[in-house]
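Accompanying notes for the structure given below.
The values are calculated or read from the model by the stated rules, or taken from the named source; none is laboratory data. Being a predicted model, the structure only gives us computed values, none of them experimental. Using ideal geometry, Cβ is built from the backbone for each residue, glycine included, and neighbour counts are taken over all protein chains shown.
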Amino acid sequence: MMNEQFKKAVPVLETIEKHGFEAVFVGGSVRDLILGRDIHDVDIATSAVPEEVKRIFPATVDVGIEHGTVIALMGEDAYEITTYRAESEYKDFRKPNEVTFIRSLKEDLQRRDFTMNSIAMTKEGTLIDPFHGKEAIQARVIDTVGKADDRFSEDALRMMRALRFMSQLSFSCSQEVLSSLEKQHHLLRHISTERITAEFEKLLEGENVKQAFSLLLDTGLYLELPRFSDRGDQLRAAGGYDFRHLPGSIEKWAALMVLLTVPEEIDPFLREWKLPVKKIRQIKTVASLAKEAVFDDPYLLVTHGLETMRSAVAVAYFLKHASWEEPLLRLEDMWNRLPVKHSSELAANGNDLIRWSGRKQGPWLRDHLQHLLRLVAEGKLANDKEEIYKEVQRCNPK
Ligand code: ATP
Ligand code: MG
């Protein structure tokens, strides 16, 4: 039942075993193998401590040695190898800062969040599944290893993880998980925004995002998310849309912003989510273009570029519950017919304008270049230096 990716990694396990330690495949990759989903990375767990792993492999990279993770390089491939560990002392409903390395696989599996994520597989393909994760996968149920109340109060992020897995895998949550989410969602306020955002972004990207959204509301978990708590009604409305149809993260956030907030608030809103500044800027642009919904203006197209306008078209039509296939074709057609695709392609530049007008640099320059770009984009002026010169003389910018 092993696929190519796992078979290729078998020598990694063999190498570790040759040195007298245990090594198994574990976690998300084993889960996805059982599910028949695409696997991005195979994760390996071992009884060897990081120093031992580093001695076994000639080429390694320290990535999170304090968490027990070392990357071993084997030819073209890199494998994450994590030492069996226990996380016994949880403080303030968060993951502990210190971990204890252990030699027992069973204990390592026990500290994992959900039964579906606590399955190990040997190099022969035998499953080690003390918490019946395979059954949970077959029933498509998210269930905690041990009592949900205990596991969520140990590390409250697991509550967000439950919903993101629900969205990614189209699983449902067990009754116990659901009631624990309702009861303990307030513990999420102890978790750092970065970790919450990482899970929320995966939730947003999932195929079952619609159900995950309604559960976010029904369990009250939304109350703990940045700036969501006073927007229950808007979130309900957002839950009426199937975000899975939007192409990417920028478009999804942009649609969400149009549904949840006013344009001026997008910036502080997303800052609170700690998204990267560049991403916030992109989301803001797409959201406001989608809201204005002007898609037949060649000047707008040339200033924002095809990619951004494509995103805006998708978001605008998505919000109208309409197909954006036709509008995208029209946009591409307009793009193909544009005489210039970027301001830098204009046949005259700022220096030319300064020379021709005899004026000093100033805000007029930018305005005038924009004016020229608009005329050229609209096909009202040829993109030709002489023609542009005549236009500059005609307007005589002051
Ligand atoms: P993905 O396919 O999205 O990477 P994954 O299951 O591999 O899913 P990761 O966040 O990469 O998820 O975590 C790897 C494994 O580590 C999980 O399968 C789980 O066993 C364990 N794990 C991760 N986070 C936690 C947590 N907060 N509490 C307990 N176990 C966790
Ligand atoms: Mg993973």
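Condition check ((1) within 13 Å of ligand 1 (Cβ to nearest atom); (2) under 19 Å from residue 13 (Cα atoms); (3) surrounded by fewer than 15 Cβ atoms within 10 Å (Cβ to Cβ)) across all residues:
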position: 52; (1), (2), (3): no, yes, no
position: 76; (1), (2), (3): no, yes, yes
position: 79; (1), (2), (3): no, yes, no
position: 91; (1), (2), (3): no, no, yes
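Scanning the range 35-50 for residues that are away from ligand 1 (no atom under 12 Å from the Cβ) and surrounded by 13 or more Cβ atoms within 10 Å (Cβ to Cβ) returns 46, 47, 48, 49, 50. Screening residue 131 on (1) without any contact (Cβ under 8 Å) to a residue 24 or more places away in the chain; (2) in the same structural domain as residue 12 (by TED's automatic domain parsing); (3) over 30 Å from residue 17 (Cα atoms) shows it passes everything except condition (3). Please work out if residue 82 is at pLDDT 95 or above, of a type in the set (Val, Ile, Thr) and within 30 Å of the chain's Cα centre (by Cα). Taking the combined requirement at face value, the residue satisfies it. Only one entry of 129, 108, 150 meets the criterion of being touching a Phe, Trp or Tyr at 6+ places or on another chain (Cβ under 6 Å) and farther than 30 Å from residue 253 by Cβ, and that entry is 108. Residue count for the range 218-251 under the criterion of being part of a loop (DSSP other than H, G, I, E, B) and either more than 17 Å from the chain's Cα centre (by Cα) or not hydrophobic (A, V, I, L, M, F, W, C) (or both): the result is 13. The numbered conditions (1) of a type in the set (Gly, Ala, Ser); (2) away from ligand 1 (no atom under 16 Å from the Cβ); (3) in a helix (DSSP H, G or I) are all true for residue 29 except (2). Within the range 165-187, the set of residues being within 25 Å of the chain's Cα centre (by Cα), crowded, with 22+ Cβ neighbours inside 10 Å and of a type outside the set (Phe, Trp, Tyr) comprises 166, 167, 173, 177, 181. So, residue 355, is that one surrounded by fewer than 19 Cβ atoms within 10 Å (Cβ to Cβ) and over 29 Å from residue 194 (Cα atoms) or not? Yes, satisfied. Residues in the range 188-216 that are under 18 Å from residue 232 (Cα atoms), in contact with a helix residue (DSSP H, G or I) (Cβ under 6 Å, 6 or more places away or on another chain) and surrounded by fewer than 17 Cβ atoms within 10 Å (Cβ to Cβ): 189 alone.
Among the conditions (1) within 18 Å of residue 221 (Cα to Cα); (2) hydrophobic (A, V, I, L, M, F, W, C); (3) not in a helix (DSSP H, G or I), the only one that residue 181 does not satisfy is (3). Look at (1) part of a helix (DSSP H, G or I); (2) under 27 Å from the mean Cα position of the chain (by Cα); (3) crowded, with 18+ Cβ neighbours inside 10 Å and you find that residue 66 fails only one, number (3). One residue stands out among those in the range 109-127 that are part of a loop (DSSP other than H, G, I, E, B) and buried (at least 24 other Cβ atoms within 10 Å of the Cβ): the one that is farthest from ligand 1 (Cβ to nearest atom), which is 119.
Of all residues assigned to the range 86-101, none qualifies as being under 30 Å from residue 36 (Cβ atoms), within 16 Å of ligand 2 (Cβ to nearest atom) and touching a residue at least 40 places away in the same chain (Cβ under 8 Å). Residues in the range 147-160 that are in a helix (DSSP H, G or I) and crowded, with 21+ Cβ neighbours inside 10 Å: 148, 151, 152, 154, 157, 158, 159, 160. Can you pull out every residue in the range 32-62 that is farther than 14 Å from residue 5 by Cβ and within 13 Å of ligand 2 (Cβ to nearest atom)? The one that is farther than 14 Å from residue 5 by Cβ and within 13 Å of ligand 2 (Cβ to nearest atom): 45.
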